[in-house]
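Peer 1: Submitted below is the structure of interest, expressed as structure tokens.
Bear in mind these aren't lab numbers, they're just calculated from the coordinates by the rules spelled out. This one's a predicted model, so the numbers in the text were calculated from it and none came from an experiment. With ideal geometry, Cβ positions are generated from the backbone for all residues, glycine too; neighbour counts draw on all protein chains shown.
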Amino acid sequence: MEVVVLETPAEVASLAADTIEDVVRRREATGTPAVLGLATGSTPLATYEELIRRARDGRGPSYEGVETFNLDEYVGLPDGHEQSYLATIRREFTDAIGIQPERVHGPDPTEETLPAAGERYEAAIVAAGGIEVQILGIGSDGHLAFNEPGSSLASLTRIKTLTATTRKDNARFFGSPEAVPHHVLTQGLGTITRAGHLLLLATGEGKAEAVAAAVEGPVSATCPASVLQLHGHVSVLLDEAAASRLVRRDYYREVYSGKPDWQGL
Ligand code: F6R
């Protein structure tokens, strides 16, 4: 796991955007467009905004043919609800960068087909060739996607119940914790760790404890994000505040500053 401690959230967004653009360009050159795994929530917004800004300035790669898979989706929202994660990712990123709506995927929370929704989503990811790079945020309780503490480290896409902590954290999108759905469909930890490269972004003091548990604590379902320690290609991009509880902070800085130019994330 490579831990990169940067000064500001803007630097985190810029390095994450460089990494996404590299993948899109590399895949474009092979004639098979990239498959990106996208997170919603507040943290990746600055990265999406940076990518959109570069595309508008004519500095970005072409997103023609790029396919995306969301991590998760709320269950039980009325059709077309603006806080559904599919609507959110389209509004905040994919529409603006020119990814065709039919190539933007999320777990399907339609009630009548819910029991098979997880299996269908897994099959869709496999059919697309797998996710090359997966953007991730982390919950203040250590959740990854909506795999709450106690989730199996081998889990696949399925229905989960949100913790009170997560519903409180997400109340800002719904007006109150009571309005946040209790149930979600989420990629499992086993699904996430099948992606080629995992890019965890965390900014702000509120994430410091969860980041320390995920990066330096034991691998345990109690901190779902600690599953990242088992993956061969993980980049954890942090600002100073999110890195503030890491014991080996100075070592991570030394490693990153001595990194050769030819070696990307
Ligand atoms: C969102 C998701 C969640 C968030 C996490 C952090 O698709 O899967 O795991 O990444 O809750 O959310 P923010 O970035 O809003 O703090």
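Peer 1: Picking from Thr157, Thr193, Thr32, which is most flexible by a Gaussian network model of the chain using Cα springs under 10 Å?
Peer 2: Thr32
Peer 1: Could you tell me which of rounded, prolate or oblate describes segment 167-207, using a ≥ b ≥ c as the square roots of the eigenvalues of the alpha-carbon gyration tensor, with rounded for a/c under 1.5 and, failing that, prolate when a/b is larger than b/c and oblate otherwise? Before the final figure, lay out the partial values.
Peer 2: Working: a/c = 3.96, a/b = 1.53, b/c = 2.60.
Here segment 167-207 falls in the oblate category.
Peer 1: Still on this structure, please answer the following. Provide the per-residue ³J(HN,Hα) series for segment 163-170, in order, calculated from phi with Karplus coefficients 6.51, -1.76, 1.60 and θ = phi - 60°, each as a whole number of Hz, with x at glycine and proline positions.
Peer 2: In residue order, the calculated couplings are 6, 4, 4, 5, 5, 5, 4, 8 Hz.
Peer 1: May I ask you to order 58-65, 234-241 by the average number of other C-beta atoms within 10 Å around their residues, highest value first? If you can, show how the numbers build up before the last one.
Peer 2: Working: 58-65: 14.6, 234-241: 22.2.
Averaged packing, sorted descending, gives the order 234-241, 58-65.
Peer 1: Within a 10 angstrom radius of the beta carbon, how do Ile20, Ile135, Ile52 rank from fewest other beta carbons to most? Kindly include the intermediate steps, with their values, before the conclusion.
Peer 2: On the way: Ile20 23, Ile135 26, Ile52 19.
Lowest count first: Ile52, Ile20, Ile135.
Peer 1: Please state the relative contact order of the chain as a whole percent: Cα pairs under 8 Å, 6+ residues apart? Walk me through the numbers before you get to the answer.
Peer 2: On the way: 537 pairs, mean separation 63.1, N = 265.
Relative contact order comes out at 24 percent.
Peer 1: Here's something else I'd like to know. With a sphere of radius 15 Å drawn around the Cβ of Pro260, what net charge do the other residues whose Cβ falls strictly inside it have (Lys, Arg +1; Asp, Glu -1)? Could you put the intermediate results ahead of the total?
Peer 2: Working: positive: Lys259; negative: Glu2, Glu254, Asp261.
That works out to -2.
Peer 1: Per the helix-only calculation at 222 nm, which mean residue ellipticity applies to the chain, given -39500 (n - 2.57) for every DSSP H run of n ≥ 4 and division by its residues, nearest 500 deg cm²/dmol? Write out the running numbers ahead of the final one.
Peer 2: Working: 9 runs with 82 residues, N = 265.
After summing the helix terms and dividing by residue count, I get -9000 deg cm²/dmol.
Peer 1: Can you compute 3J(HN,Hα) from phi for each residue in segment 148-159, using the Karplus curve 6.51 cos²θ - 1.76 cosθ + 1.60 with θ = phi - 60°, rounded to whole Hz and x for Gly and Pro?
Peer 2: Per-residue couplings from phi come out as 7, x, x, 5, 4, 5, 9, 5, 10, 4, 6, 7 Hz.
Peer 1: Please list, ordered by chain and number, the residues whose modelled amide H lies under 5 Å from the amide H of Asn70; skip anything fewer than 5 residues away on the same chain.
Peer 2: Leu38, His105, Gly106
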